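Below is one structure, written out as structure tokens; comments come after it.
Values quoted throughout were computed directly from the atomic coordinates according to the rules given, and no laboratory measurement underlies them. This is a predicted model, so every value here is computed, not measured. FYI the Cβ positions are ideal-geometry reconstructions off the backbone, even for glycines, and counts take in every protein chain you see.
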Amino acid sequence: MSRSSCELQSYVDLQRSHDYRWKLFEKKDRDFIYVRDRDDKNKTHSLTPLTKHSKQDCKQAWADVQNKGEDNWYKNVKEDSNWSEIKKFILEYLEKSNKGSSNANAKSHLNSLEKINPKLTWGSIKDWLHRDHQYGDSGFRNKLDSLSQIRKAFFLRDGEDPHWLQKQLLERERENHNSMKPRNRSSKQEGAKVRAIISKETAEKYFDENIDQYPLGIWCLAMMLCYGLRNHELWHIQKLDNGFILVPWGLTKSIDDHAVWPLYQSWLDRYHLFDNFKKHQERLNRNSKPDIRDAEDVSQRITLSHKDDRGLCYNNKVLGAYITDHTIGSKGSMPPLLGDNPKRKSHKIAAIPYDLRHTYAVTMASDPNWSHVSEEETAKAMGHSLEVHRRNYQLWIDGDKQRRRLIDGFKHPYRK
């Protein structure tokens, strides 16, 4: 017996005088401690991260054997012995915990797991995770997100992670994935949809020409560009003082409640953005009604009666599609709004509503008048992380304008 395993050996010897269901043993080529079922020699479990080298770990393993007695080593093994049973349990959790549109990937992955039916071991789960995907691509990230949802469901039910889906193992995979994501800005541009960037002058000309015929549509577009809004946020925003608005969490995709300043203060009067706020928001609600659910149980529909009330909006995708179908773009009913093509400056491209949100981000980063506002503050105002802001929303910044912002906004400390 090697010196490295003698700590465990003393407990292996000790258990011969006891009749506990679970028996400690070692694998010669592995550092971790294992247990085997007395009644089924083929049923074994790794006690990762407990190792046979550590006296303390061996003591802990022996205590666990005594505490388990005749029970299953993992209490969810018997209840969830195959992926059909697991799928049923996870779907119930998803329906109660998440917005409907956010469950699409998880449901697809549960179908895949049910069909393939991998063993309930981390090695088998990891093989499925890497099947057809690799670190750095979006498919891998989506599968990893689904596994995280599955782990969370088990943790909420059982008070612990399943032995075959530990949080630290998923975090390690996510770290590897993040380290392999594309870093090169030009390569990211090549795969991204080109966004039309709308200048203040172009927007005002379009709004002035169409406001009489499309008052609701112009209000929606002006609000989106002026405040960097997502389509569906038009239904949920609230007015604040000094031209600011509040975008609430839960009802929207934003990560928390956040206040947003207007990109162009003059538009509040020019296009009556606040004067017509209630009227146009009520019309949006009549045309496409939000489906608000209780945040604790999304099977329950609720009505928000106070500005501080919160819930989950279950049909934001439908609300967003309403803006797409009734304003600008190939699906829209309004005249086209042409903006600058960041990749070919001499060409114009037709904008879609979401391009106005990108325009807000690009303008904040490149207009010298906004040089006093940091990118961290802008990211927070737009309701997403700084990483997302840099990766997605600053992708189409004009390099010349960004340099001009630096030059024009720079203050020399020694002018004399």
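Observations on the structure shown:
- Pairs from 167/289; 200/343; 115/152 whose Cα-Cα separation, in the structure shown, is over 29 Å: 167/289
- Restricting the calculation to Cα atoms, every distinct pair contributes to the Kirkwood radius of segment 201-274, found to be 12.7 Å.
- Our coupling estimate for segment 47-55, obtained by passing each phi through the Karplus curve with A = 6.51, B = -1.76, C = 1.60 and θ = phi - 60°, is 9, 3, x, 5, 10, 6, 7, 9, 4 Hz, Gly and Pro reported as x.
- The chain: relative contact order as a whole-number percent, Cα under 8 Å and 6+ apart: 13 percent
- Compared with the alpha-carbon gap, the fully stretched path from residue 171 to residue 137 is longer by 10.6 nm at 0.36 nm per residue.
- Couplings for segment 169-178, taken from phi via the Karplus curve 6.51 cos²θ - 1.76 cosθ + 1.60 with θ = phi - 60°, read 5, 5, 5, 5, 5, 5, 4, 5, 4, 4 Hz in order; Gly and Pro are left as x.
- Nearest-20 debye value, the chain charge dipole, Cβ charges on Lys, Arg, Asp, Glu: 1100 debye
- Listed values (1) 0.96; (2) 1.10; (3) 1.03, entry calculated as Rg/Rh (Cα atoms, Kirkwood Rh): (2)
- In straight-distance terms, cross-link reach from residue 331 covers every one of the lysines whose alpha-carbon lies under 16 Å from its own, apart from those fewer than eight places away in the same chain; here that gives 317.
- The length gained by stretching the chain between residue 321 and residue 300 to full extension, at 0.36 nm per residue less their Cα-Cα distance, is 5.2 nm.
- Anisotropy class of segment 3-73 from Cα gyration tensor, a/c 1.5 cut: prolate
- Chain lengthening between residue 386 and residue 32 when straightened (0.36 nm per residue, less Cα-Cα): 123.4 nm
- Farthest toward the positive end of the dipole of the chain, out of 206, 368, 91, is the Cα of 368, where the dipole comes from beta carbon charges about the Cα centre.
- Karplus-based coupling profile of segment 348-363, in residue order and whole Hz: 9, 10, 6, 8, 10, x, 5, 4, 5, 5, 5, 4, 4, 5, 5, 5, with θ = phi - 60° in 6.51 cos²θ - 1.76 cosθ + 1.60 and x standing for Gly or Pro.
- Note: relative contact order over segment 3-73, using C-alpha pairs below 8 Å and six or more positions apart, is 33 percent.
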